[in-house]
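The values are calculated or read from the model by the stated rules, or taken from the named source; none is laboratory data. The model shown is predicted, which means the values in this text are computed figures rather than measured ones. Here the Cβ is made from the backbone with ideal geometry for all residues, glycine too, and neighbour counts use every protein chain on show. Surface accessibility is based on the protein's heavy atoms, side chains included, excluding ligands, DNA and RNA. Shrake-Rupley method; radii C 1.70, N 1.55, O 1.52, S 1.80 Å.
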Amino acid sequence: PGSEARTLALRLDDLALSLERLESGGLNEADAQRVDRASAEYEEFRVGSTGDEGPEDTAKKGAALLRSLRGTSRWYDVNQVQQLIRKRNEYLAQYRFRAAHDMLDADARSKTEAAKQFLANHEDWEDTLKQTLGPHGMQDWRFRAARVIHQQEANEAARGGIPDSGALIIRRIKAHHLRKADMWDDSDPYVVFNHRGREQMTPVVWNQNSPEWRVPGRTDDKDDAWQEVSFDINGLQQDPILRVFVKDYDRFSKDDNLGNVDEGFGGINLIDVFTGRSSSSMSRPAPKDANGAPEAKTLLEDASMSMSTGGLPRVEARGKGTVHCHFFLKGDGAGGGGASIEFELIYDTTGSHGDPLVLLPEAEDKALHIVGEADHA
């Protein structure tokens, strides 16, 4: 691992040790201050390592840092990192952010009095944030908290429809029976995803006509064993079309086309996919809410919804906003061998963009909510 990855491992080690000491010794102020220092140092590193990068690049940078720790640190495991951050955030919510927590949890009669008391000690709140998150971490937390709260309000305003903004994550990408585009060897395929003119590409898989885009060295089927591409979506209603192209990499000539997905308008209509409308027939109609709109749970969470017709195209909801897609490749270069591509689509409208160095999903992070609600108050 490089110097950044080694520093990340040290920051995580310090945070883990300080939390373990706090748990073993009881909740005393000296050990709590060690947790505060370790937490602030971790947040300052996390924010400083990504600079002004956007959410997509931040998520990729965090994932790359953890992958580079494989074989040298336990923190290569995203699940262990998430468990540690969850434990730290529970400490913040229950102990350091207690004053703000009490204000937000107060009943209607005492909330005004609690808010007055909290605001009277506003400088103490600022000091608490700086002490536990660091100056740059504090700014990042406030930005993320405001984003989550704004997105939740927008989701409520959507009244069961598909929110206009969110993070589109594409993973578990596989292709089957691709055309052999090279003279001596099999194709060297990669996939290009395009939304509103913005492109994200998978790496090249060498010499393989039925490739799978996995993390190097992984053969298991866990979610983190698969490479991902993602888009920060704004304006889904204006342009819901995701375009998918498979290409063969050529070192000395123009890359060959191996086909594209075209289920209408040159791609896939994301709104149709996530609401259950597609070129495949649905197994049952979607229930309506009191306003006649499709129920939000049915759109994004009901794992029993299936639009499979037994062949292709196939679109099947698998719960938690995850939709599995499998399409024939069409157009120039697809060949006549039944080439196809499959992948999972996740439309995350909680504000989270998949950064493994923050607690996911952000919408369920109580400490982050306390910061956002306190600022709002």
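Can you name the condition, by its number, that ALA154 falls short on among (1) assigned to a helix (DSSP H, G or I); (2) open to solvent by 60 Å² or more (accessible area, probe 1.4 Å); (3) at pLDDT below 95? With respect to (1) assigned to a helix (DSSP H, G or I); (2) open to solvent by 60 Å² or more (accessible area, probe 1.4 Å); (3) at pLDDT below 95, ALA154 is out only on (2).
Which residues, taken from the stretch 30-43, are closer than 17 Å to LEU133 by Cα and either of a type outside the set (S, T, N, Q) or surrounded by fewer than 17 Cβ atoms within 10 Å (Cβ to Cβ) (or both)? Passing the criteria: ASP31, ALA32, GLN33, ARG34, VAL35, ASP36, ARG37, ALA38, ALA40, GLU41, TYR42, GLU43.
Kindly evaluate ARG243 against the criterion of being surrounded by 13 or more Cβ atoms within 10 Å (Cβ to Cβ), at pLDDT 50 or above and within 18 Å of ALA317 (Cβ to Cβ). When the stated conditions are applied, ARG243 does not pass them. If the condition is being in a strand (DSSP E or B), open to solvent by 40 Å² or more (accessible area, probe 1.4 Å) and under 29 Å from ALA181 (Cα atoms), then the stretch 206-240 contributes GLU212, ARG214. Yes or no: ALA181 at pLDDT below 90 and more than 23 Å from the chain's Cα centre (by Cα)? The answer is yes for ALA181. Say whether the condition of being closer than 22 Å to PHE193 by Cβ, in contact with a Leu (Cβ under 9 Å, 6 or more places away or on another chain) and assigned to a strand (DSSP E or B) is met by at least one residue in the stretch 352-363. For the stretch 352-363, residues closer than 22 Å to PHE193 by Cβ, in contact with a Leu (Cβ under 9 Å, 6 or more places away or on another chain) and assigned to a strand (DSSP E or B): absent. Criterion applied to GLY25, GLY2, GLY71 was being touching a helix residue (DSSP H, G or I) at 6+ places or on another chain (Cβ under 7 Å), surrounded by fewer than 14 Cβ atoms within 10 Å (Cβ to Cβ) and among the small types (Gly, Ala, Ser), and the one residue passing it is GLY25. For the stretch 241-253, the tally of residues that are in a strand (DSSP E or B) and of a type in the set (Asp, Glu) stands at 1. Within the stretch 252-276, residues that are on the phi > 0 side of the Ramachandran plot sit with their Cβ atoms under 9 Å from residues that are assigned to a loop (DSSP other than H, G, I, E, B) and open to solvent by 40 Å² or more (accessible area, probe 1.4 Å), at 6+ positions apart or across chains, in these pairs: GLY259/ARG179; GLY259/GLY331; GLY259/ASP332; GLY259/GLY335; GLY264/SER279; GLY276/MET282; GLY276/PRO285. Looking at the structure I just gave you, is THR58 of a type in the set (Val, Ile, Thr), at pLDDT below 95 and assigned to a helix (DSSP H, G or I)? Here the answer is yes, as THR58 does meet what is asked. What residue, among those in the stretch 167-178 that are closer than 15 Å to PHE231 by Cα and open to solvent by 10 Å² or more (accessible area, probe 1.4 Å), is modelled with the highest pLDDT? Residue satisfying both the conditions and the ranking: ARG171. Is there a residue being touching a residue at least 12 places away in the same chain (Cβ under 8 Å), under 29 Å from ARG147 (Cβ atoms) and of a type in the set (A, V, I, L, M, F, W, C) anywhere in the stretch 51-62? Scanning the stretch 51-62 turns up at least one residue that is touching a residue at least 12 places away in the same chain (Cβ under 8 Å), under 29 Å from ARG147 (Cβ atoms) and of a type in the set (A, V, I, L, M, F, W, C).
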